[in-house]
Amino acid sequence: MDLLTQESEWGRSNMKAKDYKISKEKFVFCSNEGRLHDQKLDTKPMSYLKDAFSRFKRNRASITAAIIIGILILFAIFVPIFSKYTVQYNDTYYRYISPKNKLFAELGIPFWDGTKGKEATAQDFYFYYSMGQETGKNAIVDQEYSIIHKIGLTGREVTYYKYQLDTYQAVGVVLMDLRTEQYQNIQNYQDEKGIQVIYPITIPEQRPTSRQDVNKVGNYWYATEEINGKTSIILDDDGNLIPIYKSYTGTDDYYSALRYEGEGYLYDYSTKNQTGYSVRVNYYEYYIYYHTYVLQDGITEPMFLFGTTNYGADILTSLASGARFSFALAIIVASINLFVGAIYGAIEGYYGGRLDLAMERIVDVLAAVPFMIVISLLKYHLENVPQAVILFIAFFITGWIGMAGRTRMQFYRFKNQEYVLAARTLGANDRRIMFKHIFPNAIGTLITSFVLVIPGMIFSETSLSYLGIINLNTGDMTSVGTLLASAQPYLVSYPHMIFFPAVFISLLMLSFNLFGNGLRDAFNPSLRGTED
Amino acid sequence: MYMFKYILKRLGLMMMTFGIIIIMCFVLIKLLPIVIDVQFGQDADIIRNQLIARGYYDPIPVQFFNYIRRIVVSGDWGIGVSLAEYRNMPVWDVFVTKLPPTVLINVYSSLIAVPIGIGLGIFAALKKNKWQDHTISTSVMIFISVPSFVYAFLVQYLLCFRLKMFPITMRGGFEYFTWDMFKSMIPSVISLAFGSIAGYARFTRAELTEVLTSEFMLLARTKGLTKGQATTRHALRNAMVPIFPMIIGEFISVLSGSLIIEKIFSVPGVGGLYLAAINSKDYDFFMLLSAFYTFVGLAAGIVIDISYGFIDPRIRMGAK
């Protein structure tokens with residue numbers, strides 16, 4: 001024992017052997033009793049997975065990708081939980097609203113603050129400009145604008161107004177029918193908060209009648225006339241707008257202290273109708289009132305981080321819910337495929353011969369069926385089944401083939417090796433050899449392909465729902481593809497609707513591919529040490 | 001002889017697979033209940049009698065036999081039933097009119113993608129581990145991962161809408177070789193090409209870097225060839241062995257095209273027809289197009305495999 005350690009010490013020193021003067025006493029006979037043992041290794045054994053992990057850690061791109069995947073998964077899990085909006089939520093007034101984040105809005109950065117730059121004709125401009133004049137809530141940011149002269153298509157000079165439009169305020173004032181108690185509640189709220197929600201009612205006969213203004217009629221608090229089917233403003237001699245408020249009759253049941261001061265006049269605030277009152281409310285303030293006092297759903301002000309869709313649904317929540325479904329679908333299906341494929345491939349590869357030939361023909365046929373055929377046939381036959389289930393089945397039918405092929409290949413490579421022969425000689429049965437001895441060799445490739453099929457599946461799911469073949473939009477569920485499909489017609493006018501889902505899906509595909517490639521390199525022992 | 005036998009065997013297997021898929025499709029379609037789509041002013045009985053006359057209520061094997069017979073004898077793949085636009089039109093005729101846009105767009109995109117992709121791949125391989133290589137490899141990774149419809153949106157938004165270089169959707173009509181038509185195809189061609197360029201670049205780079213490190217390259221240099229000569233005469237030729245079949249495969253699968261790109265740019269192609277057929281449950285269209293897509297997929301696979309044998313004399317097909 002002693003001797004062995006000494007020997008290894010000499011071995012390590014740089015001195016040449018002849019420099020040593022070894023005294024005679026040191027030479028003692030090695031005892032013949034007892035046995036010499038090898039020393040225990042000081043280093044820790046390195047398992048295959050550990051080895052792979054250490055190689056994976058060195059790949060910076062893959063680590064980043066893994067972190068991004070983690071963030072995306074957290075996003076998908078937690079955003080629907082903590083979001084105040086739901087997938088069903090939609091607000092018909094707040095449609096196509098631009099993304100807004102509070103920080104940028106408060107700092108006045110004209111980006112991601114709920115505004116969008118506009119270059120519009122005088123008519124459009126005045127429509128928004130007058131909103132701020134009435135309510136003080138500026139649809140045009142700070143009522144600032146610049147005038148541009150351009151030569152139009154006809155060769156005449158056209159005047160354009162350039163301004164930042166606050167999409168949250170651009171709804172302006174809407175005409176709304178309220179029941180008596182709602183009307184009273186809003187008045188109480190006004191008095192309590194000192195915020196004006198209700199604005200003087202206009203004279204119905206003087207509101208614009210052109211068809212394009214049907215939904216915006218609440219915003220016309222001033223006199224207009226219709227010229228060639230278009231609403232055009234009438235100005236007084238000083239160039240000011242002429243209000244068309246209904247003058248005070250006292251029959252409007254409006255008792256709130258907040259009154260809008262005309263020049264010595266009082267105005268009516270509502271007209272009675274069969275069910276209650278027709279009232280003009282500023283929608284931004286009404287929204288806050290409605291969500292904090294009536295619904296009490298935790299929404300304190302309209303603020304859509306990713307904007308809203310053409311139905312007025314919150315894109316952030318919809319996207320996260322769609323992502324959650326995509327992840328769940330992909331991971332569950334990939335696990336089932338892995339399980340079935342591994343067993344199928346193991347049997348094929350291990351037994352080989354005729355059985356393999358027969359089983360491979362099944363695989364050949366299944367693999368040659370285009371996915372579209374599978375999904376449409378399933379859709380035809382399972383009409384009453386939720387479409388999400390159809391997706392599950394379709395992905396399963398075609399998905400396990402790849403896994404089976406990989407397992408089969410590994411089994412062919414390893415089944416005739418000596419250690420398998422040794423195991424068989426020792427009496428291990430087929431199942432033990434298959435799953436204890438050969439299968440672990442396939443784990444690396446299987447994990448890699450498991451990771452790499454997930455983005456593929458999410459892509460297919462997105463494509464199918466984009467194409468409308470599968471419709472996942474049932475009440476409390478939506479999908480990224482549906483969001484993209486519903487946003488595509490508005491690509492030109494409201495690009496934010498398509499931007500966030502597209503960025504999400506791109507980021508997801510990219511990070512999964514990077515992560516998968518990193519895993520593939522990590523599980524490849526022939527690359528051991530090449531990165532050093 | 002090996003080769004001939006091998007090709008025959010592969011073709012036989014392919015036809016078998018194709019046959020099984022078609023039979024499966026046909027049976028599964030025919031198992032569905034027959035929908036009698038009565039329109040205003042039509043009599044349900046008349047329509048039922050029409051369907052009986054067209055053999056819709058025969059036993060499935062008889063129907064299949066008749067279906068195949070009609071195809072073989074007179075090229076009759078059936079008649080459009082529920083697709084409003086093509087009701088009572090022979091599906092084959094409609095299909096043929098839909099082919100040119102799909103094929104043209106894909107051919108154009110391949111014509112762009114193959115040289116650029118391979119060129120970038122070669123360049124990256126020659127500059128391995130330099131900044132040029134890193135730039136190309138990173139962009140390739142991005143372009144491979146990002147789904148094609150995202151490029152399509154970008155192209156549509158930036159090139160078509162913002163810069164107004166091209167029309168937003170493809171033109172209708174049948175004059176495929178006019179400048180206006182070509183111009184309207186460009187956005188879809190570009191969107192398709194991005195992904196393939198990245199694919200070719202990655203594949204070429206991988207193949208060429210492997211060949212460049214092999215021993216015979218050293219030999220080529222030692223016998224006095226310059227680096228350029230060695231690369232073009234030895235490395236490239238060897239690297240092309242797996243790349244060339246890929247190109248051939250691509251040219252076969254141009255027929256099938258991309259459903260999504262066709263939808264985004266309103267290309268009046270096969271993909272749109274397929275989608276419409278699926279959604280309106282027009283089974284004759286569905287059968288024809290399913291057969292078509294299956295056939296294209298299978299044929300591309302076989303052609304790729306066989307072309308290996310023609311390109312590389314070292315690969316002896318089917319030799320034991």
- Query: Looking at the range A:93-180, which GluC sites (Glu not before Pro) are in a loop (DSSP not H, G, I, E or B) and have at most 15 other Cβ atoms within 10 Å?
  - Reply: A:E144
- Compute the relative contact order of chain B as a whole-number percentage, counting only Cα pairs closer than 8 Å that sit 6 or more residues apart in sequence. 27
- Heavy-atom accessible surface of the range A:170-267: percent carbon and sulfur, 1.4 Å: 45
- Message: Nearest 100 Å² is fine: what is the total accessible surface buried where chains B and A meet, probe 1.4 Å?
- Response: 3300
- Whole-Hz ³J(HN,Hα) from phi, Karplus 6.51 cos²θ - 1.76 cosθ + 1.60, for the range B:175-190, glycine and proline x: 8, 7, 10, 9, 5, 4, 5, 4, 4, 6, 7, 3, x, 5, 4, 4
- Item | Most fluctuating residue given options B:K183, B:K130, B:K30, as computed from a GNM of chain B linking Cα atoms under 10 Å | B:K130
- Item | Accessible area (Å², 1.4 Å probe, nearest 10) - A:E205 | 150
- What is the average number of partner chain Cβ atoms found within 10 Å of a Cβ in A:451-460? 1
- Where a ≥ b ≥ c are root eigenvalues of the Cα gyration tensor, a/c under 1.5 meaning rounded, otherwise prolate if a/b exceeds b/c and oblate otherwise, the range B:169-214 counts as prolate
- Message: What's the ranking of A:306-317, B:155-166 by average number of surrounding C-beta atoms within 10 Å, highest first?
- Response: A:306-317, B:155-166
- Using modelled amide H (1.01 Å from N, peptide plane; none on Pro or chain starts), what sits under 5 Å from the amide H of A:T271, excluding residues fewer than 5 places away? A:S278
- Which value, in Å² and to the nearest 10, is the accessible area of A:T251 when all protein chains are kept and the probe is 1.4 Å? 90
- Which of the lysines could a cross-linker span from B:K130 if the Cα-Cα distance has to be under 30 Å and same-chain partners fewer than 8 positions apart are dropped? A:K57, B:K223, B:K227
- Message: I'd like to compare A:335-344, B:266-275: which one has the highest average count of other Cβ atoms within 10 Å, and what's the full order after that?
- Response: B:266-275, A:335-344
- Message: Counting only helical runs of four or more DSSP H residues, what would the 222 nm mean residue ellipticity of chain B come to if each run contributes -39,500 (n - 2.57) and the total is spread over all its residues?
- Response: -23500 deg cm²/dmol
- Expected vector for the range A:371-376, Karplus 3J(HN,Hα) from phi with 6.51, -1.76, 1.60 and θ = phi - 60°, integer Hz, x for Gly and Pro, equals 4, 4, 5, 4, 5, 6
- Query: Can you give the accessible area of A:T92, probe radius 1.4 Å, in Å² rounded to 10?
  - Reply: 100
- Message: Per DSSP helix of 4 or more residues, -39500 (n - 2.57); summed, then divided by the residues of chain A. What does that give at 222 nm, rounded to the nearest 500?
- Response: -15500 deg cm²/dmol
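Can you give me the accessible area per residue for chain B, using a 1.4 Å probe, in Å²?
51
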- Query: For B:142-155, what's the mean count of beta carbons from other chains sitting within 10 Å of each residue's beta carbon?
  - Reply: 6
- Item | Cα gyration tensor shape for chain B, rounded if a/c is under 1.5, else prolate or oblate | oblate
- Tell me which residues come under 5 Å, amide H to amide H, from B:G80 once H is placed; ignore anything under 5 positions away on its chain. B:N88, B:M89, B:V91
- Note on the structure: Under the Karplus relation with 6.51, -1.76 and 1.60 and θ = phi - 60°, whole-Hz ³J(HN,Hα) for the range A:133-146, x at Gly and Pro, equal 5, 7, 9, x, 9, 7, 6, 9, 4, 6, 6, 9, 7, 10
- Item | Span from the the range A:462-481 Cα centroid across to the the range A:155-205 one, whole angstrom | 36
- Note on the structure: The long-range amide H neighbours of A:F304, using H built 1.01 Å from N in the peptide plane and a cut-off of under 5 Å, are A:K100
- chain A, dipole about Cα centre (Lys/Arg Cβ +1, Asp/Glu Cβ -1), debye to the nearest 20: 3460
- Separation of the A:V492 and A:A328 label points, Cα + 7 Å toward Cβ, nm: 3.9
- Where only protein heavy atoms count, and the probe is 1.4 Å, what is the accessible area per residue for chain A in Å²? 54
- Query: Pick from B:P115, B:P61, B:P167: which is most flexible by mean-square fluctuation in a GNM of chain B where alpha carbon atoms under 10 Å apart are linked?
  - Reply: B:P61
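Run the numbers on the range A:137-239 and let me know its relative contact order in percent, using alpha-carbon pairs under 8 Å that are six or more apart.
Relative contact order of the range A:137-239: 18 percent.
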- Note on the structure: Test assert for the range A:474-509: residues whose accessible surface shrinks by at least 10 Å² between chain alone and all chains, 1.4 Å probe, equal A:L484, A:Q488, A:L491, A:V492, A:P495, A:I498, A:A502, A:I505, A:S506, A:M509
- Query: Tally Lys/Arg at +1 and Asp/Glu at -1 over every other residue whose Cβ is under 14 Å from the Cβ of B:M89; what's the total?
  - Reply: -3
- With a 23 Å threshold on alpha-carbon distance, the violating pairs from A:K44/A:K415; B:K98/B:K263; A:K162/A:K246; A:K50/A:K415 are A:K44/A:K415; A:K162/A:K246; A:K50/A:K415
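Partner chain Cβ atoms within 10 Å, averaged over the residues of A:204-215 - can you pull that number for me? Please list the in-between numbers first.
Values: counts 0, 0, 0, 0, 0, 0, 0, 0, 0, 0, 0, 0.
Per-residue shielding by partner chains comes out at 0.
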- the range A:400-532, accessible surface, carbon-and-sulfur percent (1.4 angstrom probe): 59
- Message: At 1.4 Å probe size, with the rest of the protein present, what percent of the exposed accessible area of the range B:84-152 is carbon and sulfur atoms?
- Response: 71
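The values are calculated or read from the model by the stated rules, or taken from the named source; none is laboratory data. Quick caveat, the model's predicted, so the values are computed rather than measured. We place every Cβ from the backbone using ideal geometry, glycine too, and count neighbours over all the protein chains shown. Areas reflect the complete protein model, heavy atoms only, side chains present, ligands, DNA and RNA absent. Shrake-Rupley method; radii C 1.70, N 1.55, O 1.52, S 1.80 Å.
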